[in-house]
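Undergrad: Questions regarding the structure given below will be posed in turn.
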Amino acid sequence: MSKRLLLVGAGHSHLEVLRQLKATPFRNVDVCMISPSKYQYYSGMFSGFTEGIYSEEETRIDITKLTKDAGVQLIQKKAHTLKAFQRKVVCGDGSVYPFDVISFDIGSESLPLSFEDTIARTIKPNHRFIDQMKELRETSQPLIVGGGAAGTEMALSMQAYKQQNRIPGQVRLITADRILSESPKWISSKLEKLLLNKGVHVWKDERVEDIYEQYVRTDQGNKVRHTGVLWLGGARGDAIFERSSIDTDQKGFALVRPTLQFKDYDYIFGAGDCVTLIDFPSLPKSGVYAVRQGPVLWENLNKYLTGGQPMDTYVPQKSALYILSTGGKKGFLIYGPLSSHTHRAWKMKNKIDREFMAEYQ
């Protein structure tokens, strides 16, 4: 009798599972993927798209083709609730899908629940980003909320696009902390100077409290005018886990063991930004780590379905390489205490991103 494996979401780790399945299909296992879009957009190329370097087609993976080639059924829906003990998933339209084993790689959310009914936009889910950015980058005073890697990179890329296309106005950025607060202060200072030199208007150590049609109000009493808000603040977990009474951390991310199995369920796996590793609770939500989790997830799904083999464990690398696109095909490279701002760094980022996409396109 065949088993059923459900892959919920088409994040970095699940893309690797699909690639492996194409070469080595499971025996007596029906595999289905639940994803709301037939495309998976690669966030690592969003800055390049924003600046006008990449086309929409270059930033996306055709999940319809990838699943077909891997012998996987694609269910183009949004998972809403997990019934863990009953081994069922309920989608937004009420349809129910049973499973023997399930894996989640659905990414994270960024827009706080209190702002969901405002005009603020976000890059989650990422298939909406392209159309949103096409509109937002043409406006005079686009406002980005969040001074982390994503917010900084998008502000610089949008400003570069405006300058290259002679679009009047200025990108604005508000952050509740310093720029790139998880990095050493001297790196934060370098990036802040870069933002200012490029023409981005920065408000730091200010938290957005209210969002209105034409301005936002901060906790410092400032009213910052805008022509659109892109929220790239701190990540939070998808509501499906708390909705389903799954153990999560304080931000709603499902807790997983080093084997990438959920804390209380051997038959539920998770990877990427939607989970928190119990042994590494402070690990950043970054594709850098999700890519490395893919092979471990593949091996452990295989071992669990066939039975009897010890699981592999995922241990994150101590130092991760980050390259932020800063406009004009220059990149700001950060690796531990090292940093550099060069065209060579951007070329390295471009090579890494294109090689990743070539694996799955």
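Undergrad: Roughly speaking, to the nearest percent, how much of the stretch 165-213's 1.4 Å accessible area is carbon and sulfur?
TA: 43 percent
Undergrad: In sequence order, what are the phi-derived ³J(HN,Hα) couplings for the stretch 312-326 according to the Karplus relation 6.51 cos²θ - 1.76 cosθ + 1.60 with θ = phi - 60°, rounded to whole Hz, with x for glycine and proline?
TA: 6, 10, 9, 10, x, 5, 5, 10, 10, 8, 10, 10, 9, 6, 10
Undergrad: Counting pairwise Cα distances across the stretch 236-280, what percent come out greater than 14 angstrom?
TA: 36 percent
Undergrad: Using only alpha carbon pairs under 8 Å that are at least six residues apart, calculate the relative contact order of the chain and give it in whole percent.
TA: 17 percent
Undergrad: Moving to a separate point now. If you take every DSSP beta bridge fully contained in the stretch 17-97, what fraction is antiparallel? Give it as a percent rounded to 5.
TA: Of the beta bridges lying entirely in the stretch 17-97, close to 75 percent run antiparallel.
Undergrad: Something else about it: Want the number for residue 279 to residue 185: 0.36 nm per residue separation, take away the alpha-carbon distance, what's left?
TA: 31.2 nm
Undergrad: Shifting gears a bit: Quick one, could you list the DSSP H helices from the chain stretching 15 Å or more along their long axis (Cα atoms) with average Kyte-Doolittle hydropathy of -1.0 or above?
TA: 12-23, 149-164, 185-198, 287-306
Undergrad: Tell me the label only: which of (1) 1.00; (2) 0.97; (3) 1.04 is Rg/Rh (Cα atoms, Kirkwood Rh) as calculated from this structure?
TA: (2)
Undergrad: Next question, about the same structure. So what's the gap between the Cα centers of the stretch 39-80 and the stretch 192-239, to the nearest angstrom?
TA: Using only Cα atoms, the two centres lie 28 Å from each other.
Undergrad: Once both labels are modelled 7 Å past Cα along the beta-carbon direction, what's the residue 57-residue 227 spacing in nm?
TA: According to this spin-label approximation, the distance is 3.0 nm.
Undergrad: Just how far, in whole angstrom, is the stretch 283-302 from the stretch 1-22 if you go by their alpha carbon centroids?
TA: If we compute the Cα centre of each part, the gap is 13 Å.
Undergrad: What order, most packed first, do the peptides 273-279, 7-13, 327-333 have when packing is the mean number of other Cβ atoms within 10 Å of each residue?
TA: With the highest mean Cβ count within 10 Å placed first, the list reads 7-13, 273-279, 327-333.
Undergrad: Could you state the principal axis extents of the C-alpha atoms in the stretch 136-220, from the largest down, to the nearest angstrom?
TA: Sorted largest first, the three principal extents are 34, 28, 17 Å.
Undergrad: Of all beta bridges DSSP finds with both residues in the chain, what is the antiparallel percent, to the nearest 5?
TA: If I count the DSSP bridges inside the chain, around 50 percent turn out antiparallel.
Undergrad: Hey, another quick one. Run down the lysines and flag those whose C-alpha is under 17 Å from the C-alpha of residue 223, throwing out any fewer than 8 positions away in its chain.
TA: Output for residue 223: 204.
Undergrad: Further, regarding this structure: Can you give the Rg to Rh ratio for the stretch 54-187, taking only C-alpha atoms and Rh from Kirkwood?
TA: 1.05
Undergrad: Now for a separate question. Please state the charge dipole magnitude for the chain, taken about the Cα centre, from unit charges on C-beta atoms (+1 on K and R, -1 on D and E), reported in debye and rounded to the nearest 20.
TA: 780 debye
Undergrad: Follow-up question, since we're still on this one. List the lysines whose Cα lies under 22 Å from the Cα of residue 88, skipping any in the same chain that are fewer than 8 positions away.
TA: Within the straight-line limit of under 22 Å, residue 88 reaches these lysines: 3, 77, 78, 263, 303.
Undergrad: Kindly state, to the nearest 0.05, the FRET efficiency for residue 249 paired with residue 170, given R0 = 30 Å and r defined as their beta-carbon distance.
TA: About 0.20, to the nearest 0.05.
Undergrad: Quote to one decimal, in nm, the extra length available between residue 217 and residue 193 on full extension: 0.36 nm per residue of separation minus the C-alpha distance between them.
TA: 6.2 nm
Undergrad: Which is farthest toward the positive dipole end of the chain among 53, 145, 120, measuring Cα position about the Cα centre, with Cβ charges +1 (Lys, Arg) and -1 (Asp, Glu)?
TA: It is 53, whose Cα lies furthest towards the positive end.
Undergrad: Using helices alone, what [θ] at 222 nm do you get for the chain, with -39,500 (n - 2.57) per DSSP H run of 4 or more residues, divided over all residues and rounded to the nearest 500?
TA: -9000 deg cm²/dmol
Undergrad: R0 = 51 Å: FRET efficiency of residue 210 with residue 306, Cβ-based, nearest 0.05?
TA: Step by step, r from the Cβ atoms, then E = 0.40.
Undergrad: How high is the FRET efficiency from residue 352 to residue 65, r the C-beta distance, R0 22 Å, rounded to 0.05?
TA: That gives a FRET efficiency of 0.45.
Undergrad: For the stretch 1-98, report the convex hull volume of the alpha-carbon atoms normalised per residue, in Å³, without decimals.
TA: In the stretch 1-98, the Cα hull volume divided by residue count equals 110 Å³.
Undergrad: If you don't mind, another one. Quick one: with all protein chains in place, what share of the accessible area of the stretch 1-142 is carbon or sulfur, to the nearest percent (1.4 Å probe)?
TA: 46 percent
Undergrad: In the stretch 9-76, which trypsin sites (Lys or Arg not before Pro) are in a loop and have at most 11 other Cβ atoms within 10 Å, using DSSP for the loop call?
TA: 27
Undergrad: So, one more: Give the long-range amide H neighbours of residue 4: residues separated by 5 or more places, or on another chain, with amide H under 5 Å away, using H modelled in the peptide plane at 1.01 Å from N.
TA: Residues meeting the criterion, in which the H sits 1.01 Å from N, are 30, 100, 101.
Undergrad: Provide the packing ranking of 173-185, 211-223, i.e. peptides ordered by the mean count of other C-beta atoms within 10 Å per residue, highest first.
TA: Ranking the peptides 173-185, 211-223 by packing returns 173-185, 211-223.
Undergrad: Could you sort out which of 134/162; 65/349; 124/193; 162/329; 162/198; 330/351 sit more than 19 Å apart by Cα distance in this structure?
TA: As for pairs spanning more than 19 Å Cα to Cα, those are 65/349; 124/193.
Undergrad: Ok, one more. Which value, in Å², gives the accessible area per residue of the chain when a 1.4 Å probe is used on the protein heavy atoms?
TA: Per residue, the chain has 46 Å² of solvent-accessible surface.
Undergrad: Given the stretch 140-243, what percent of its DSSP beta bridges are antiparallel, to the nearest 5?
TA: Antiparallel bridges: around 40 percent, rounded to the nearest 5.
Undergrad: Among 220, 287, 102, whose Cα projects farthest towards the positive end of the dipole of the chain, with charges put on the beta-carbon of Lys, Arg (+1) and Asp, Glu (-1)?
TA: Working it through, the farthest residue towards the positive pole turns out to be 287.
The values are calculated or read from the model by the stated rules, or taken from the named source; none is laboratory data. Just so we're clear, the structure is a prediction, and the values are computed from it rather than from any experiment. Cβ atoms come from the backbone with ideal geometry, glycine included; neighbour counts cover every protein chain shown. Protein only, heavy atoms only, side chains kept; ligands, DNA and RNA dropped before computing areas. Shrake-Rupley method; radii C 1.70, N 1.55, O 1.52, S 1.80 Å.
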